[in-house]
1. Name the residues in the range 148-163 that are of a type outside the set (Lys, Arg) and crowded, with 21+ Cβ neighbours inside 10 Å, would you?
2. Every residue in the range 66-90 that is hydrophobic (A, V, I, L, M, F, W, C) and crowded, with 18+ Cβ neighbours inside 10 Å, please.
3. In this structure, is Lys3 over 20 Å from Tyr103 (Cα atoms), within 12 Å of ligand 1 (Cβ to nearest atom) and over 14 Å from the mean Cα position of the chain (by Cα)?
4. Restricting attention to the range 43-62, and to residues there that are within 19 Å of His29 (Cα to Cα) and buried (at least 20 other Cβ atoms within 10 Å of the Cβ), which single residue is nearest to ligand 1 (Cβ to nearest atom)?
5. Determine, yes or no, whether Lys93 is assigned to a strand (DSSP E or B) and out of contact with any Cys (no Cβ under 6 Å at 6 or more places or on another chain).
6. Please go through the range 179-195 and pick out each residue that is outside any strand (DSSP E or B) and either basic (Lys, Arg) or surrounded by fewer than 23 Cβ atoms within 10 Å (Cβ to Cβ) (or both).
7. Got at least one residue in the range 16-37 being closer than 21 Å to Phe179 by Cα, more than 13 Å from ligand 1 (Cβ to nearest atom), part of a strand (DSSP E or B) and not assigned by TED's automatic domain parsing to the domain that holds Glu110?
8. For the range 164-178, name all the residues that are within 14 Å of ligand 2 (Cβ to nearest atom) and surrounded by 20 or more Cβ atoms within 10 Å (Cβ to Cβ).
Amino acid sequence: MIKAVAIDVDGTITDKRRRLCTSSITAIHKVEGIGIPVIIVTGNIMCSTNMISILLGTSGGFVAENGGVIESCRGKKILGNIEKCQKAYEILKSKLDVKKVDYSDQRFSEIALTRDIPSDIVKKSLKNVDVEVYDSKFAIHLTDPAVNKGSSLKIVADDMGIKTSEILAIGDGENDIDFLKVAGVKVAVANADEELKSIADYVTEKSYGNGVEEAIERFIV
Ligand SMILES: O=C(O)COP(=O)(O)O
Ligand SMILES: [Mg+2]
């Protein structure tokens with residue numbers, strides 16, 4: 001039985017231009033309306049994630065910065081080690097002309113870069129460095145390998161008193177693989193990366209927010 005819905009932001013409830021889809025707003029309101037908490041699980045910074053949660057009216061807390069920061073019913077926690085990411089960034093900067101995305105000073109646990117440099121070149125340059133690199137299709141994230149969206153969703157679920165196997169998870173990118181893997185029902189929207197689709201229980205026909213609405217109608221309401 002589904003006791004919570006964990007949902008990614010960019011490319012899932014937003015379209016490819018990061019505009020929030022009205023269909024996902026309606027779907028999230030429906031889920032919350034029948035008493036099932038929605039948990040936002042994103043690579044965005046904490047204050048943006050907090051605002052997204054408030055504007056959407058979600059009640060399940062959140063996972064931000066790809067698992068580096070969480071807010072559950074027990075408060076906010078920084079779980080990722082930014083020093084590791086800073087070291088990786090210094091190494092990268094000595095090799096490539098990389099740029100940080102806006103509001104980088106507000107990231108507590110990871111470093112996010114613009115996608116000017118292809119992510120496969122970034123990943124190759126950091127092959128032997130203790131850092132996890134995700135290309136969310138909106139930014140390239142240098143994160144602490146000890147945390148990810150899945151490990152941090154488990155902490156939020158534990159704090160809520162539910163099992164991750166009782167969660168419906170919906171995502172689009174490679175940084176969603178870890179939280180879909182721990183969820184009971186794994187959904188990839190139609191525009192998702194092939195690797196995410198390959199581990200999903202269900203791939204929606206529709207893209208972005210319309211895919212979220214489709215998944216909610218199929219598995220929840
Ligand atoms: O912050 C990003 O790069 C993308 O965010 P997402 O994890 O919600 O897709
Ligand atoms: Mg995404």
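1. Across the range 148-163, the qualifying residues are Asn148, Gly150, Ser152, Leu153, Val156, Ala157.
2. Once the filter is applied, which keeps residues that are hydrophobic (A, V, I, L, M, F, W, C) and crowded, with 18+ Cβ neighbours inside 10 Å, the range 66-90 yields Val69, Ile70, Leu79, Ile82, Cys85, Ala88.
3. Considered against the rule, which asks whether it is over 20 Å from Tyr103 (Cα atoms), within 12 Å of ligand 1 (Cβ to nearest atom) and over 14 Å from the mean Cα position of the chain (by Cα), Lys3 comes out as no.
4. In this case the residue turns out to be Thr49.
5. When the stated conditions are applied, Lys93 does not pass them.
6. Within the range 179-195, Lys181, Val182, Gly184, Ala190, Asn191, Asp193, Glu194, Glu195 qualify.
7. Checked against the condition, which is being closer than 21 Å to Phe179 by Cα, more than 13 Å from ligand 1 (Cβ to nearest atom), part of a strand (DSSP E or B) and not assigned by TED's automatic domain parsing to the domain that holds Glu110, the range 16-37 yields no hits at all.
8. Passing the criteria: Ala169, Ile170, Gly171, Asp172, Gly173, Asn175, Asp176, Ile177, Asp178.
The values are calculated or read from the model by the stated rules, or taken from the named source; none is laboratory data. Here the structure is a predicted model, which is why all the values come from computation and not from measurement. Glycine also receives a Cβ, built like all others from the backbone with ideal geometry; neighbour counts cover every protein chain displayed.
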